[in-house]
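Beneath this line is the structure, given in structure tokens, with notes to follow.
Only the coordinates and a few stated rules stand behind these numbers; no lab work does. Note that this is a predicted model, so its numbers are computed, not measured. Methodologically, a virtual Cβ is constructed for each residue, glycine included, from the backbone with ideal geometry; neighbour enumeration extends over all protein chains shown.
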Amino acid sequence: MIDFHTHILHHIDDGSHNVEESVTMLRMSFAQGIDTVVLTPHFRRGENSIKPWLEERQLRFEQIRDSLTEEDKKLIPRMVLGAEVEFMPDMNRWNYLDRLAINGTNYIMTEMPFTPWTESNVKVIDDIALNTPFTPVIPHIDRYFHTFTPVKYIEHFFNMPVIIQMNAIYINGVHNTQFYKPLIESGKIKILGSDCHSAEWRQPDLGQAVERLKEVCSDEAFSRIDSFGREMLRDAVYQDL
């Protein structure tokens, strides 16, 4: 299984604190059956400029890579660089979206606001989806289910050329099965992620979610998620170790 949402890179956002923790998180993921992780540190235009942020992302990866032992290399997933891009009202006009996509693809992970979505918010994502080469990926959709987010906008994205990602923590909540199972079975949830931030809190937990899905969902639905994710990364650029 592919973990599409991680904060494993250290000292670049609110995720891993150091190289050692990053390696531990990678090994934890691999031990759960995760063979590929997309590294998605936060990009917030109000805090980050694109060039230095990209350089820092590369540096953090290289620090992890250089720390790996030969044994580590056998016990960690493959890695692809990406980003979790904070939604901005003008992001559909940015000329550097390609540099924030999952490497080698046209998929842009866009974190929607944690304030009530507006029609103008939705139109920005629609414009990217319909009028640019890029496909938006909406992360942790589960965070918006039981809040102030208008349901009509969530349902709108389910019917748009937009990829919807669900977090493992929601699947691991036994009382949430009634909400996510129909979405998984119908194919509205395309990919999964742990959204892991640490080896101690918000740990890599996608393996547990995978086991839960195998219990409550059809084999067809589970296989569809796995196959869809691998097709998304068909042209991805994997980081050399």
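Tabulated values for the structure
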read-out	value
Test: residue in the stretch 50-73 that is free of Cβ contacts under 8 Å to residues at least 60 places away in the same chain, surrounded by fewer than 22 Cβ atoms within 10 Å (Cβ to Cβ), in contact with a Ser or Thr (Cβ under 7 Å, 6 or more places away or on another chain) and part of a loop (DSSP other than H, G, I, E, B)	no
The listed residue being within 27 Å of residue 15 (Cα to Cα), surrounded by fewer than 19 Cβ atoms within 10 Å (Cβ to Cβ) and touching a residue at least 60 places away in the same chain (Cβ under 8 Å), out of 165, 239	239
Some residue of the stretch 141-150 being on the phi < 0 side of the Ramachandran plot, among the basic types (Lys, Arg), surrounded by 14 or more Cβ atoms within 10 Å (Cβ to Cβ) and free of Cβ contacts under 8 Å to residues at least 40 places away in the same chain	yes
Unique match (being touching a helix residue (DSSP H, G or I) at 6+ places or on another chain (Cβ under 9 Å), surrounded by 19 or more Cβ atoms within 10 Å (Cβ to Cβ) and closer than 14 Å to residue 197 by Cβ) among 77, 41	41
In the stretch 92-105, the residues that are surrounded by 15 or more Cβ atoms within 10 Å (Cβ to Cβ) and over 18 Å from residue 57 (Cβ atoms)	92
Filtered residue count, the stretch 186-205, keeping only those that are surrounded by fewer than 16 Cβ atoms within 10 Å (Cβ to Cβ) and more than 24 Å from residue 24 (Cα to Cα)	2
